[in-house]
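Below is one structure, written out as structure tokens, with a few remarks after it.
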Amino acid sequence: MHLGPLPLERVRRAAAVPDLSRVEDAFPARSRTALGRIVNDYIALFEQFRAEPAAPERAPYPRDPQRLANELKANCYFLDATLAGCCEVPASAWTGPKRPEERWALAIAVEFGREPDAEDLAARWVRGSEYDCALLRAAEIALVCASFLRRLGFSATAHTRDATEVSHARILVAAGLARWKEGRLVAPFIGSRFASAVVTTSEPLAPDAPLADGFFDGGLGWWLGAGGTETWWNRRFLRRRPSHAGRYPMEKIRRVATPTTLVLEDEVPRVPKRANFFTRAAAGDLGEKAQRERSRFAYKTPIADAYVKLIRAMVPRQGGDCAPARDPATHDPAANARALKSLMYFLGADMVGLCEAKPYCWYSHQEDGTPIAPYHRNAAVMLVDQGFETMEGASGDDWISGAQSMRAYLRGAEICGVAAAFIRSLGWSARSQTNADSDVVQLPLVLLAGLGELSRIGELVLNPFVGPRFKSAVVTTDLPLAPDRPVDFGLQDMCAKCSKCARECPCSAISFGEKVMFNGYEMWKPDVERCTRYRVTNPHGSACGRCMKTCPYNHEGLLLHRAFLWAAIRLPWTRRAIVRLDDWVGNGAINPVKTWWTDLEIVEGRVVKPRGANRRGLSLDKGTAPPPGHRIAYYPAAVNPPADAKNPVPVDRKAALSVRLETPEEARRRRGLAAQRGTSSSST
């Protein structure tokens, strides 16, 4: 993982750091565009956390400079850095007050996003702010890494363009990320179109050698695609895709008029935020232990904790006033849809879909009981991939699970916050809806925006290209947007023939049975209470994503995987065989090469070694039948706590186990609807 997506290890290295006397920083000036101003406001928001005190006690982290350097670089690539390297800080690199104890540096380079197509409205929006948008990502990565180091008890400072005491250019050259050519920095594989950030620290890091002169970086392997790295021809292919389409070919997935699972919109109750089971755990509804652990379950590790300050800092910026006049170029819904997708992809979204923000998708009340009236008509829904390579090295419910979630939540909040602020600058109302503060229930919006189908996992939409391995974030807005349609890639039949997620669930919260109607939705309803209890109180890990880890759709996206996806969509008779083959080849097992993190836990403010770590293999011996006595507890909206409940409202599990729900067929007969279509209809 610490080698990254580009074959930097194949580039020729020099024996010593070259003369740095002529190497100087040449940062572009702050962008004065509307987008540039917004992005720089976010960078300044992050910079307030750049140099905080380190923990007073050193964590039980091995005194191994190579291990720490590898873990920091792996974390940078986990956060989507383009290049990362380490070095000892050259004496000439200090440009401001010197921090004598911080002798080591982590250098980060983030290449510019793919610019919108010339005819796209977003091309005008983005022009002139390319560097600033890349800098936002670099700053985010540096702030997270510096915070992680300080949690371990090491002094660390993040350096950005506008808040730095070091020369980025000299450190990038010393760390082997770039060469100084004709008065500018040039990095292997990406040239000069990148932004940088630096972290200085007191803890020794194994240095990377500076680059030697060369003209064929990466060698023949780079051109042929050998070694498992991102290739030049794949990068070229992605650059040639329409900017509003993104990297994944969602346009090839069949579109349908309505979701592939029945949604009785007039029977879907709007629920208060107090009904969310994580909120119920925090309120004491699930008992004292769950209440105590709820405040830390997803970020009880140093790396996950590093995201929290940034996520919380962005909440006040999720909404705001819009410009008094509307941009006259923004009245075409189709053009707006293309442009907004292009903008969000440029900022780093993995997938984007658009839909109507229907009334039933909104929460009914805030956590304090204040009613919520739907205030926007449209929604832009984005997905953030939680990262295949890190997921491959994990069990799904070990100590990196919480960081996978928090990383995606941070990125989603960042992109949606910038996008919403930019929409407001165009004169249209918009608000970012994030995991930290959302007025909408995001699952139905992901479904309506055509980003996936409901799966056996239950209250989770599964995407054909990244499976369940994502988190969502949403921008609700009055900007006119042409909506996308729901998708059908045969998942209902596939999930009916596969129960791998149910078999592998560590707390038996996923249904082995048939779909039911729950709160107006047709779904395989999970036992949310049991799932929440396990995720919140997991003693040998942080949170849980075991179902994401083991799903057959959690794959790398190689040509072979695309072939199986093609078969699963177009050849329904192959689906059962694909499920068996997925087990036979070991998909969902742990690849130790990708396990890059050190298991640590924060207990009462101290970083300690955890008592154990979940390292589960596949449970092939369990078979496809439910365990004896397996039952699902159902908590329909009628038993939700009051919207303004301040005291615990304990769950009644005994009553929940006796609830009998309507089947989808019964619901269709009751409503006089057509019978369910054949499960192989998506093969057409």
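Taking all pairs of different Cα atoms in region 398-511, averaging 1/r and flipping that mean, what Kirkwood radius in angstroms comes out? Kindly include the intermediate steps, with their values, before the conclusion.
Values: mean 1/r = 0.0631 Å⁻¹.
Kirkwood radius, region 398-511: 15.8 Å.
Full extension from Glu9 to Leu581: what is 0.36 nm times the residue separation minus their Cα-Cα distance, to one decimal in nm?
On the way: separation 572, 0.36 × 572 = 205.92 nm, distance 3.47 nm.
Length difference between fully extended and current span is 202.4 nm.
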Estimated [θ] at 222 nm from DSSP helical runs (n ≥ 4, -39500 (n - 2.57)) normalised by residues in the chain, nearest 500
-9500 deg cm²/dmol
How much FRET efficiency would the formula 1/(1 + (r/R0)^6) give for Arg193 and Lys289, where r is the Cβ-Cβ distance and R0 is 56 Å, rounded to 0.05?
0.65
Residues listed by number, region 98-112, amide nitrogen under 16 Å from Ser21 label point at 7 Å toward C-beta:
none
Cross-link partners among lysines for Lys98, C-alpha distance below 30 Å, same-chain residues fewer than 8 apart left out?
Lys73, Lys181, Lys309
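Given a Förster distance of 30 Å, report the FRET efficiency between Ala373 and Glu267 from their Cβ-Cβ distance, rounded to the nearest 0.05.
Details: r = 20 Å, r/R0 = 0.68.
Working from the Cβ atoms, E equals 0.90.
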Can you give me the distance in nm between label points at Ala313 and Leu657, each placed 7 Å from the Cα along the Cα-to-Cβ direction?
4.8 nm
How far, in nm, would the chain grow between His561 and Ala625 when pulled straight, counting 0.36 nm per residue and subtracting the alpha carbon separation?
20.3 nm
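Hey, got the dipole for region 307-375? About the Cα centre, +1 on K and R Cβ, -1 on D and E Cβ, debye to the nearest 20?
Numbers: 7 positive and 7 negative charges, 40 e Å.
I would put it at about 200 debye.
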In nm, spacing of pseudo-spin labels at Arg63 and Arg32 (7 Å Cα→C-beta vector)
5.4 nm
State the percentage of accessible surface on region 302-378 attributable to carbon and sulfur atoms; use a 1.4 Å probe and exclude ligands, DNA and RNA.
52 percent
Carbon and sulfur atoms account, in whole percent of the 1.4 Å probe accessible area of region 581-684, for 54 percent
Provide Arg255, Arg575 ordered by accessible surface of protein heavy atoms (probe 1.4 Å), highest first.
Arg255, Arg575
What are the ³J(HN,Hα) couplings of region 474-479, residue after residue, when phi is run through the Karplus curve with 6.51, -1.76, 1.60 and θ = phi - 60°? Round to Hz, x for glycine and proline.
9, 10, 9, 7, 9, 4
Modelled label-to-label distance, Ala589 and Phe388, 7 Å Cα→beta-carbon offset: nm?
1.8 nm
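Arranged from highest to lowest average of other beta-carbon atoms within 10 Å per residue, in what order do the peptides 645-655, 69-79 appear? Mind showing how you got there, number by number?
Details: 645-655: 13.4, 69-79: 23.1.
In descending order of packing, they fall as 69-79, 645-655.
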Considering only the other residues whose Cβ falls under 10 Å of the Cβ of Thr477, what net charge follows from Lys and Arg at +1 and Asp and Glu at -1?
+2
Relative contact order as a percentage, the chain, C-alpha pairs under 8 Å and 6+ apart, gives 16 percent
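I'd like to check one number: the per residue accessible area of the chain, probe 1.4 Å, reported in Å² as a whole number. Can you show the working numbers first?
On the way: 27230 Å² over 684 residues.
Result: 40 Å² per residue.
Quick one: how many lysine pairs does region 530-656 have with C-alpha atoms less than 25 Å apart and a gap of 8 or more or different chains? Give me the count, please.
5
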Report the accessible area of Asp478, computed with a 1.4 Å probe over the heavy atoms of all protein chains in place, in Å² rounded to the nearest 10.
40 Å²
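What does the highest-first list of 230-240, 439-449 look like by mean Cβ count within 10 Å? It would help to have the intermediate numbers written out before the result.
Working: 230-240: 12.8, 439-449: 22.9.
The densest-packed peptide leads the list: 439-449, 230-240.
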J(HN,Hα) series, region 165-174, from Karplus relation 6.51 cos²θ - 1.76 cosθ + 1.60, nearest Hz, glycine and proline x
10, 10, 7, 5, 4, 5, 6, 5, 5, 5
Could you work out the percent of alpha carbon pairs in the chain separated by over 42 Å, rounded to a whole number?
25 percent
Within the accessible area of region 464-531 (1.4 Å probe), percent carbon and sulfur:
50 percent
Relative packing of peptides 105-117, 122-134, 576-588 - highest average C-beta neighbours within 10 Å first
105-117, 122-134, 576-588
Using the beta-carbon distance between Leu571 and Ala91 and R0 = 51 Å, what value does 1/(1 + (r/R0)^6) give for FRET efficiency, to the nearest 0.05?
0.20
Using only the alpha-carbon atoms of region 37-93, report the extent along each of the three principal axes, biggest first, to the nearest angstrom.
42, 31, 31
Once the piece of chain linking Arg184 and Trp232 is laid out straight, how much longer is it, given 0.36 nm per residue of separation minus the C-alpha distance between them?
15.0 nm
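The values are calculated or read from the model by the stated rules, or taken from the named source; none is laboratory data. Since the structure is predicted, the reported quantities are computational estimates derived from the model, not experimental observations. All Cβ positions, glycine included, derive from the backbone under ideal geometry; neighbour counts span all protein chains shown. Surface areas here come from the heavy atoms of the whole protein model, side chains and all, with no ligands, DNA or RNA. Shrake-Rupley method; radii C 1.70, N 1.55, O 1.52, S 1.80 Å.
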